[in-house]
1. Please turn the phi angles of the range 57-67 into ³J(HN,Hα) values with the Karplus equation 6.51 cos²θ - 1.76 cosθ + 1.60 (θ = phi - 60°), one per residue in order, whole Hz, x for glycine and proline.
2. Name the trypsin sites (Lys or Arg not before Pro) in the range 137-188 that are in a loop by DSSP and that have at most 16 other C-beta atoms within 10 Å, would you?
3. Which pairs in the list LYS174/LYS224; LYS143/LYS254; LYS171/LYS222; LYS191/LYS222; LYS38/LYS155 are over 25 Å apart, alpha-carbon to alpha-carbon?
4. ILE83's amide H: which non-local residues (gap 5+, or another chain) put their own amide H closer than 5 Å, with H modeled 1.01 Å from N in plane and none for Pro or chain starts?
5. Taking the Cβ of each residue in ILE240, ILE160 as the centre, tally the other Cβ atoms inside 10 Å and list the residues starting with the fewest.
6. Report the extension gain between ARG246 and GLN67 in nm, rounded to one decimal, defined as 0.36 nm multiplied by the number of residues separating them, less their alpha carbon distance.
7. Ranking LYS222, LYS76 by Cβ neighbours within 10 Å, fewest first, what do you get?
8. In square nanometres, what is the average projected area of the Cα convex hull of the range 235-287?
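Just so it is clear, none of the values below were taken in a lab; they were calculated from the coordinates. Keep in mind it's a predicted model, so treat the numbers as computed, not measured. No Cβ is skipped: glycine too gets one built from the backbone with ideal geometry, and neighbour counts run over all protein chains shown.
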Amino acid sequence: MGGRKRSGLGKGLDALIPPSESQLPKSGVQQIPVKAIKPNPRQPRTNFDEGELSELAASIREHGVIQPLIVTQGSKPDGYTLIAGERRWQAAQLAELEQVPAILREASDQQLLELALIENVQRADLSPLEAAEAYQHLSDEFKLSHDDIAQRVGKSRVAITNTLGLLDLSKKVKEALADGRISEGHGRALKALTKAQAQNGALETVLNLGLNVRQTEELVRKRKGKRSTKAPKTTVPAAIRDLEERLRDSLGTKVRLKHGAKGGNIAIHYYSDEELDALVERLTNEK
């Protein structure tokens, strides 16, 4: 039997947004007053780039809103709540449009969060901390397991667990991550230090010396009193280190790359049967 291709959307946007706008009946899209729409209270994204919104607003003035917003009926008969399309709605306001095309759908509180999260994940619009907080809401409020969340947003369970772990970072490390001064990989490395004071001290060293993720991991090992895992006097080329970091961020686990003149090998580490299953699923795109 052939493998079933996964869309990576779970039952989220696929269930609400038709695959092609041309397949919609004319009655499916309504013109709704911009002022009648309220933002999604479950929107996980908190920061919107003003420059990008201005560019989108200029395009909307020229061509209108091409892709309809998805809304649900609000508490009042003439009011609506956004499900998906926050950027388009904000840009439409900047463009001073009176009405926007929208598709009306029913959605529960859980779906409001899931669908806004899925839309942002597709566009890679969420910061690591915004994603972590959204995953935490799904876990705490709706009792979804990490596997359930992974299935809904099209990521591996390991990636969900790693991202949620960022919430355990100290306030200063979170601020550095939110500001883009360190990457998610740096944050995961610093999380190995359990005390906030230790994380903050290591953060200062990372920022002052401009350490990459691998160097940060080594710094953390030293501060925890662990022997270095690197062989003495072995220098890993910067290009190989960069590839290892990219693979580590993509797979959500430790990766080692050995490269020679005639090829090499990649070692992917896992720490439980569940992580192995998640890696196999991610690499083969099968479930």
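1. So the J values, rounded to whole Hz, are 4, 5, 5, 5, 4, 7, 10, x, 7, 7, 9.
2. Loop-located and lightly packed - LYS143, ARG181.
3. Details: LYS174/LYS224 21 Å; LYS143/LYS254 29 Å; LYS171/LYS222 23 Å; LYS191/LYS222 14 Å; LYS38/LYS155 29 Å.
Cα-Cα > 25 Å for LYS143/LYS254; LYS38/LYS155; rest within.
4. Those qualifying (amide H under 5 Å, at least 5 residues apart or on another chain) are ILE70, VAL71, THR72.
5. Ordered from fewest to most neighbouring Cβ atoms within 10 Å, ILE240, ILE160 come out as ILE240, ILE160.
6. Working: separation 179, 0.36 × 179 = 64.44 nm, distance 3.29 nm.
Working it through step by step, the gained length comes to 61.2 nm.
7. Arranged by neighbour count, lowest to highest, LYS222, LYS76 become LYS76, LYS222.
8. In nm², the orientation-averaged hull projection of the range 235-287 is 4.4.
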